[in-house]
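Peer 1: To start, I am sharing the structure in question, which I have written as structure tokens.
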Amino acid sequence: MPHPVLTALLLGLAPGLPDALVIHNNVTVLIDSVYTETTDLVVVPLTGRGVARFTTLSVPFRTGWETVELLEARTGLWRSGRRGSEALVSERPHHALAGQSRLESSMRELVLTMPGLETGDTVVVRTRRVIRSLPLADCYSYHYSPWCRDSVLAGEFTVIDSRSSGLLVEWSPEFGPPDTTGGALRWSVGPLSPLSGHPLALRDRPFAVVATHDPQSVSRELHAVLDVTYGSHSALLSEVAALTGRTPDDMRDWISLNIEYIGADMGDWPGFSPKPPAETIDDGAGVCRDTAVLLVNLIRAVGGEAWLAMLDTTGGIPGLVGSRSFDHMVVAVPQGDGFRVLDPSAKGVADGHSYGLRGTRFLPLTPWGTPLQTIPVDGWEDSLTLVFTGALGEGSVSGTLSVTASGAPAELLCTIMERSHDAYRNTLLERFFGAENISAVSTTGNTLLITGEWSAPGGQGALLLPGLRDISFPGTRAAHLLIPACPDRIELDAPAFESLTLTLACNGREVVPPAPVTTGDYSCSISLRGDTLVLRETARVLPLHPEPGRIRETLLQRAGTSARTVLTP
């Protein structure tokens, strides 16, 4: 028999499905001589994507600091004639390490595989994590949020502080204040859904967080451990500073170009302990923490001021943080009343750090203790301008594509150009711009010149011209977020403005252009100038938190074909 809650959900479902229905997502934190986190998850996948997500689950952990005990992991199968089964469990180095050239052997994961999982089955996973030591400093925090791509029937977060140390707490309005019955803190939430108009869509992004320290205290504690004086390296640092240029930006650029991103298992806190700057220079390699320490010391070697800073690249840091809240180290340089962020590990960036960090909170590590700061989201100019000049043939177009990019698109293209092997660069750009073949690539300033061929599918007297949807991939990265329904909130690092001009010689062929299409953030028109066809298409996609309805309309218009189909009698 189908799960009764699942049946009730499907009968009253609005258009679109979440990936899964979480029956409950309960977390209990016990703060004693150690930190014990017990997680109880029961979930029913509703779509193929949900099945793919929950067929294989990862439970990450750090050896030497914590242990993870698997209390239960199984599937309950609702379709008759099938039997539930225990999960297959294996342990391995964390899957993120190899792809990032990181070698921290302490970072591992339990991999849970649910054999034969189908839509409507039930996945049950219960784990207990015991943390005996926190990295760098004993600053504990736990951020609980059941919101994701799934509907959540019920969630509960319980915190028991046996130390009576006076925890700091923060919660979203959807959660409300905790229930303190019995001396514990307990938050309950649900039902909720990521889909607007869904029967469970009663709340949006609820969270609760507890911490043993405020951000200023965490700033001081981590500064005391990480901000070490390397007086014996002063001569080498001064010598390198003379080569790099004396501005922080020049030094950042030099490190980005000359220090390869390769990690190592070292120090008292593998994955967190940085190398001394002289070692990073000698090795010509290091990860974010190593390059950040090097940049801070180079800036100070010429009399400047700079501080190490921690952030979470997912952008999800709440107002309370701890030692485990961060996954990236950068440099904070005082500017006005605040700080400017420089990321020496980032390559192909024009403004000191990746555009993907806009709106991200970061914590400067200072001896006096600094509160959380936010990287500004305004003042950026994201644009991608494409000019295609070629000829119209039998079912194809060929010619030259000139691409002018700024902001996030420029960073993305620079990354492709700088990090890809020569033998594969053209193939990557072909996929990026939807080309059949790219025969030549060159750069002039911020302009990328591409020569190649682009297909123009035709049939029954019609020809579909390539447009932004085919030639510009970055602005379509949001499309998957709109399936199966438009969520309440979309976060993008896509270009804010895209423009395509397509100029094609018709070579005597008769063509009939379609009617133009114009909406609030999208336009497409085709005109004839003698024997030349000119297509102009523009689309505006805001980089952060756009109105879902407007971006959905823009992407649907871009995906349309009527405005780019010419008749060829």
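The values are calculated or read from the model by the stated rules, or taken from the named source; none is laboratory data. Everything numeric here is computed off the predicted structure, so don't read it as measured data. Note: ideal-geometry Cβ built from the backbone for every residue, glycine included; neighbour counts use all protein chains shown.
Peer 1: Could you please let me know if L308 is within 30 Å of P457 (Cβ to Cβ), touching a residue at least 40 places away in the same chain (Cβ under 8 Å) and touching a helix residue (DSSP H, G or I) at 6+ places or on another chain (Cβ under 7 Å)?
Peer 2: no
Peer 1: On the given criteria, is S58 assigned by TED's automatic domain parsing to the domain that holds H95, out of contact with any Ser or Thr (no Cβ under 8 Å at 6 or more places or on another chain), farther than 19 Å from V123 by Cβ and surrounded by fewer than 17 Cβ atoms within 10 Å (Cβ to Cβ)?
Peer 2: Here the answer is no, as S58 does not meet what is asked.
Peer 1: Take the conditions assigned to a loop (DSSP other than H, G, I, E, B), at positive phi and surrounded by fewer than 21 Cβ atoms within 10 Å (Cβ to Cβ) and apply them to G348. Does it pass?
Peer 2: yes
Peer 1: Next up: Going through G315, G348, G303 one at a time, which residue ends up being farther than 30 Å from Y140 by Cβ and modelled with pLDDT under 85?
Peer 2: G348
Peer 1: Out of the residues in segment 250-267 that are assigned to a loop (DSSP other than H, G, I, E, B) and over 17 Å from R108 (Cα atoms), which is modelled with the lowest pLDDT?
Peer 2: G267
Peer 1: Does segment 173-185 include one or more residues that are of a type in the set (S, T, N, Q) and part of a strand (DSSP E or B)?
Peer 2: no
Peer 1: What are the pairs, 6+ residues apart or on separate chains, where a residue within segment 548-569 that is in a helix (DSSP H, G or I) has its Cβ under 8 Å from a residue that is surrounded by 15 or more Cβ atoms within 10 Å (Cβ to Cβ) and basic (K, R)?
Peer 2: The qualifying pairs are T554/R540; R558/R469; A559/R469.
Peer 1: Can you find a residue that is touching a Gly at 6+ places or on another chain (Cβ under 7 Å), surrounded by fewer than 18 Cβ atoms within 10 Å (Cβ to Cβ) and either outside the structural domain of A285 (by TED's automatic domain parsing) or in a strand (DSSP E or B) (or both) anywhere in segment 410-417?
Peer 2: Yes, some residue in segment 410-417 is touching a Gly at 6+ places or on another chain (Cβ under 7 Å), surrounded by fewer than 18 Cβ atoms within 10 Å (Cβ to Cβ) and either outside the structural domain of A285 (by TED's automatic domain parsing) or in a strand (DSSP E or B) (or both).
Peer 1: Among the residues that make up segment 186-199, is at least one of them of a type in the set (D, E, K, R), closer than 30 Å to A20 by Cβ and at pLDDT 90 or above?
Peer 2: yes
Peer 1: Across segment 418-433, which residue is farthest from the chain's Cα centre (by Cα) among those that are touching a residue at least 40 places away in the same chain (Cβ under 8 Å) and crowded, with 18+ Cβ neighbours inside 10 Å?
Peer 2: F433
Peer 1: Please count how many residues of segment 497-540 are assigned to a strand (DSSP E or B) and among the small types (G, A, S).
Peer 2: 6
Peer 1: Of all residues in segment 277-294, count the ones that are closer than 17 Å to R340 by Cβ and either touching a helix residue (DSSP H, G or I) at 6+ places or on another chain (Cβ under 6 Å) or assigned to a loop (DSSP other than H, G, I, E, B) (or both).
Peer 2: Number satisfying all stated conditions: 1.
Peer 1: With respect to the numbered conditions (1) closer than 24 Å to A137 by Cβ; (2) crowded, with 20+ Cβ neighbours inside 10 Å; (3) free of Cβ contacts under 8 Å to residues at least 60 places away in the same chain, which one is the sole condition not fulfilled by S354?
Peer 2: (1)
Peer 1: Can I ask one more? Identify, please: which residue in segment 208-265 is in contact with a Cys (Cβ under 9 Å, 6 or more places away or on another chain) and aliphatic (A, V, I, L, M) and is, among those, surrounded by the most Cβ atoms within 10 Å (Cβ to Cβ)?
Peer 2: V218
Peer 1: Is segment 141-156 home to any residue that is modelled with pLDDT of 95 or more, under 21 Å from R324 (Cβ atoms) and touching a Gly at 6+ places or on another chain (Cβ under 7 Å)?
Peer 2: yes
Peer 1: I've got another one for you. Check off (1) closer than 22 Å to Y140 by Cβ; (2) free of Cβ contacts under 8 Å to residues at least 12 places away in the same chain for M329 and give me the number that stays unchecked.
Peer 2: That leaves (2) as the condition not met.
Peer 1: Going by the structure shown, is S323 within 27 Å of T247 (Cβ to Cβ), in contact with a Cys (Cβ under 7 Å, 6 or more places away or on another chain) and either assigned to a loop (DSSP other than H, G, I, E, B) or assigned by TED's automatic domain parsing to the domain that holds T280 (or both)?
Peer 2: no
Peer 1: Which condition does V330 not pass, out of (1) touching a strand residue (DSSP E or B) at 6+ places or on another chain (Cβ under 7 Å); (2) crowded, with 21+ Cβ neighbours inside 10 Å; (3) outside any strand (DSSP E or B), if it passes all the others?
Peer 2: With respect to (1) touching a strand residue (DSSP E or B) at 6+ places or on another chain (Cβ under 7 Å); (2) crowded, with 21+ Cβ neighbours inside 10 Å; (3) outside any strand (DSSP E or B), V330 is out only on (3).
Peer 1: Looking only at residues in segment 288-303 that are among the small types (G, A, S) and touching a residue at least 40 places away in the same chain (Cβ under 8 Å), which one is nearest to P344 (Cα to Cα)?
Peer 2: Within segment 288-303, the match that is nearest to P344 (Cα to Cα) is A292.
Peer 1: G50 is checked against (1) surrounded by 14 or more Cβ atoms within 10 Å (Cβ to Cβ); (2) within 24 Å of M107 (Cβ to Cβ) and fails just one. What number does that condition carry?
Peer 2: Every condition holds for G50 apart from (2).
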